[in-house]
Amino acid sequence: MSLQAYQTGSKNLDTLFGGYNKGVLHCFFGPTGAGKTSISIYNPITQIYKAEKSNLTDKHKFFIIDGDGGFDIDRATDCWEANGLKAADIAKHVVSWEPTEFSEQHKIFSGGKGGALGELEKYIEEEKCKPLLIAADPLVAHYRGIVMRTESSMRAVVMGGYTAKLDLQLHKMRQIAKAESCPAIVTSWPSSPVGAAMSGKE
């Protein structure tokens with residue numbers, strides 16, 4: 001495991017993907033209920049907090065983009081307290097957004113034309129924050145909904161524009177993670193009817 005990584009708390013997971021690597025964008029995928037939120041939000045916050053606890057100030061933040069309302073502070077509290085940590089101490093470092101549509105999610109990452117900062121970068125700059133983690137769980141929830149609500153004959157056309165925006169969101173996460181030397185994590189589902197709209201395969 002690299003010195004530029006946070007442990008997962010599991011030797012098997014550390015061996016599998018090297019821990020939560022600083023400056024790296026990780027992607028975890030699996031079906032609903034597989035534990036994506038645990039491995040992308042609850043656990044990395046736990047492990048990073050344990051590693052950095054003695055160095056933290058109010059400016060250190062965990063940034064969460066909750067795409068489907070799956071982030072549950074009670075579940076997070078159970079995880080943190082099971083690791084001997086005070087949930088209230090960690091919670092004050094958590095900044096979360098729960099966008100209700102794709103355009104809201106996109107504004108978190110991009111301020112639009114002219115290179116304007118998105119809400120995430122603005123927050124970091126204006127509050128002079130030090131990101132400890134950036135996690136989007138799942139990044140594709142609103143995208144998937146848009147595609148599924150689009151008439152099948154138009155799906156490939158619609159997907160093109162939104163896929164480009166998703167790519168920009170991923171690029172922004174990678175960029176910030178590298179600049180701030182923190183892990184970035186996105187989650188997705190392993191298969192979806194969305195894929196069939198383009199290739200005939202999920």
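Taking a ≥ b ≥ c as the square roots of the eigenvalues of the Cα gyration tensor, an a/c ratio below 1.5 marks the range 7-48 as rounded.
The peptide list 18-30, 72-84, put in order of mean Cβ contacts within 10 Å with the highest first, becomes 18-30, 72-84.
Over the chain, all Cα pairs binned in 10 Å intervals from 0 give whole-percent P(r) values of 8, 35, 36, 17, 4, 0, listed from short to long. Simple point charges give the picture: +1 on the Cβ of Lys and Arg, -1 on the Cβ of Asp and Glu, and for the chain a dipole about the Cα centre of about 520 debye. In a reduced charge model with +1 at each Lys and Arg Cβ and -1 at each Asp and Glu Cβ, the range 121-166 shows a dipole moment near 180 debye about its Cα centre. Highest mobility in the GNM of the chain, judged by mean-square fluctuation with C-alpha springs under 10 Å and restricted to V95, V140, V158, is found for V158. DSSP beta bridges fully contained in the range 45-164 are about 10 percent antiparallel. Comparing K113, K172, K128 in a Gaussian network model of the chain (Cα springs below 10 Å), the most mobile by mean-square fluctuation is K113. Of the residues A141, P131, I108, the one whose Cα sits farthest towards the positive end of the charge dipole of the range 81-142 is P131 (charges of +1 on Lys and Arg Cβ, -1 on Asp and Glu Cβ, taken about the Cα centre).
Rounded to the nearest 5, the antiparallel percentage of DSSP beta bridges internal to the chain is 15%.
Protection proxy ranking, highest mean first, for peptides 31-41, 48-58: 31-41, 48-58, where packing is the per-residue count of other beta-carbon atoms within 10 Å, averaged. Using just its DSSP H runs of length 4 or more, each adding -39500 (n - 2.57), the chain gives a mean residue ellipticity at 222 nm of -13500 deg cm²/dmol after division by all residues. Remark: relative contact order (the chain) = 31 percent; criterion is Cα-Cα distance under 8 angstrom and separation of 6 or more residues.
Bear in mind these aren't lab numbers, they're just calculated from the coordinates by the rules spelled out. As the structure is a prediction and not an experimental result, all values here were calculated from the model. So basically every Cβ, Gly included, is an ideal-geometry build from the backbone, and we count neighbours across all protein chains shown.
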